[in-house]
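Report on one structure; see the data block that follows.
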């Protein structure tokens with residue numbers, strides 16, 4: 001596996017840490033009801049990596065199965081939301097994991113390039129950008 005860029009991050013209290021190797025497949029804002037409900041925010045931003053490129057290096061994340069085949073990980077100590085993990089969906093035949101952008105040590109390294117589920121956004125919330133929707 002080509003190492004390339006290595007991005008690290010984790011939860012607020014430091015009990016759960018991860019490492020993502022290489023470039024993300026995509027970085028985007030998700031407006032879906034499930035992501036909003038999970039985070040309590042009007043939108044959440046993710047960096048998507050192939051599952052094999054993400055390693056949890058410290059601690060054990062808790063996973064809540066929010067719908068069939070979808071787990072949402074968080075720290076069991078501080079509650080920080082960490083991931084969206086699909087057990088069934090694949091991206092070009094590769095399982096993937098979405099890491100919440102704000103949990104990276106350097107979130108500025110991953111610039112959003114798209115919106116997902118824009119049609120589900122909260123009506124009064126609009127991000128002022130020209131990214132694909």
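Computed values, structure above
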{"item": "Spin-label pair residue 58/residue 77, simplified geometry with 7 Å Cα→Cβ offset, distance in nm", "result": "0.8"}
{"item": "Full-stretch length increase - residue 126, residue 106 - with 0.36 nm per residue and alpha-carbon distance subtracted", "result": "4.7 nm"}
{"item": "Gain in span if fully extended, residue 133 to residue 25, counting 0.36 nm per residue against the direct Cα distance", "result": "37.2 nm"}
{"item": "Computed P(r) (all Cα pairs; segment 47-89; 10 Å bins; percent)", "result": "27, 57, 16"}
{"item": "Fraction in percent of alpha-carbon pairs per bin - 5 Å, segment 6-120", "result": "2, 12, 23, 28, 22, 11, 2, 0"}
{"item": "Mean ellipticity per residue at 222 nm, deg cm²/dmol - from DSSP H runs of n ≥ 4 across the chain, formula -39500 (n - 2.57)", "result": "-1500 deg cm²/dmol"}
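Read-outs: derived from the displayed coordinates by stated rules, not from any lab. Model, not experiment: these values are computed from the prediction. We place every Cβ from the backbone using ideal geometry, glycine too, and count neighbours over all the protein chains shown.
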